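Student: My questions will all concern the structure given below.
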Amino acid sequence: VVFRAKPLGLDFSKSTPLVVKAVKKDSVAEDVAVQSQWEVTHVNGEEMPTDLREAMTVLLKAVKDLPPK
């Protein structure tokens, strides 16, 4: 899935691997058909770290420069 805007509109598990707990209504994630229980395995082609803090850092860094919805 490719995200082209932020905020993504996703709630994640508080452990790794990151799992989508919920997709917010009318969000970018809903627009691209993300489903709850999906696992985030890669961001920008790179495998996600197994450490929660590192994984969140990778995700936040990737989202930071996206334009707003």
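The values are calculated or read from the model by the stated rules, or taken from the named source; none is laboratory data. Nothing here was measured: the structure is a model prediction, and the numbers come from that model. FYI the Cβ positions are ideal-geometry reconstructions off the backbone, even for glycines, and counts take in every protein chain you see. Accessible surface areas use protein heavy atoms only, side chains included; no ligands, DNA or RNA. Shrake-Rupley method; radii C 1.70, N 1.55, O 1.52, S 1.80 Å.
Student: Which one of LEU60, LEU52 is touching a Ser or Thr at 6+ places or on another chain (Cβ under 6 Å), more than 13 Å from VAL1 (Cα to Cα) and open to solvent by 50 Å² or more (accessible area, probe 1.4 Å)?
Tutor: Only one candidate qualifies: LEU52.
Student: What tally of residues in the range 31-51 results from selecting those that are touching a residue at least 12 places away in the same chain (Cβ under 8 Å) and not in a loop (DSSP other than H, G, I, E, B)?
Tutor: 3
Student: Check LYS64, LYS69 and return the single one that is in contact with a Lys or Arg (Cβ under 9 Å, 6 or more places away or on another chain), charged (D, E, K, R) and touching a residue at least 60 places away in the same chain (Cβ under 8 Å).
Tutor: Being in contact with a Lys or Arg (Cβ under 9 Å, 6 or more places away or on another chain), charged (D, E, K, R) and touching a residue at least 60 places away in the same chain (Cβ under 8 Å) holds for just one of LYS64, LYS69, which is LYS69.
Student: Go through (1) open to solvent by less than 50 Å² (accessible area, probe 1.4 Å); (2) farther than 17 Å from PRO68 by Cα; (3) not hydrophobic (A, V, I, L, M, F, W, C) for THR41 and report which single condition fails.
Tutor: (1)
Student: Take ARG4 and tell me if it is more than 10 Å from the chain's Cα centre (by Cα), in a helix (DSSP H, G or I) and either at pLDDT 95 or above or of a type in the set (Lys, Arg) (or both).
Tutor: no
Student: Got at least one residue in the range 21-30 being touching an Asp or Glu at 6+ places or on another chain (Cβ under 7 Å), among the basic types (Lys, Arg) and in a strand (DSSP E or B)?
Tutor: Yes: one or more hits.
Student: Which of the residues spanning the range 37-61 are of a type outside the set (Val, Ile, Thr) and touching an Asp or Glu at 6+ places or on another chain (Cβ under 9 Å)?
Tutor: MET48 - this is the single residue of the range 37-61 that is of a type outside the set (Val, Ile, Thr) and touching an Asp or Glu at 6+ places or on another chain (Cβ under 9 Å).
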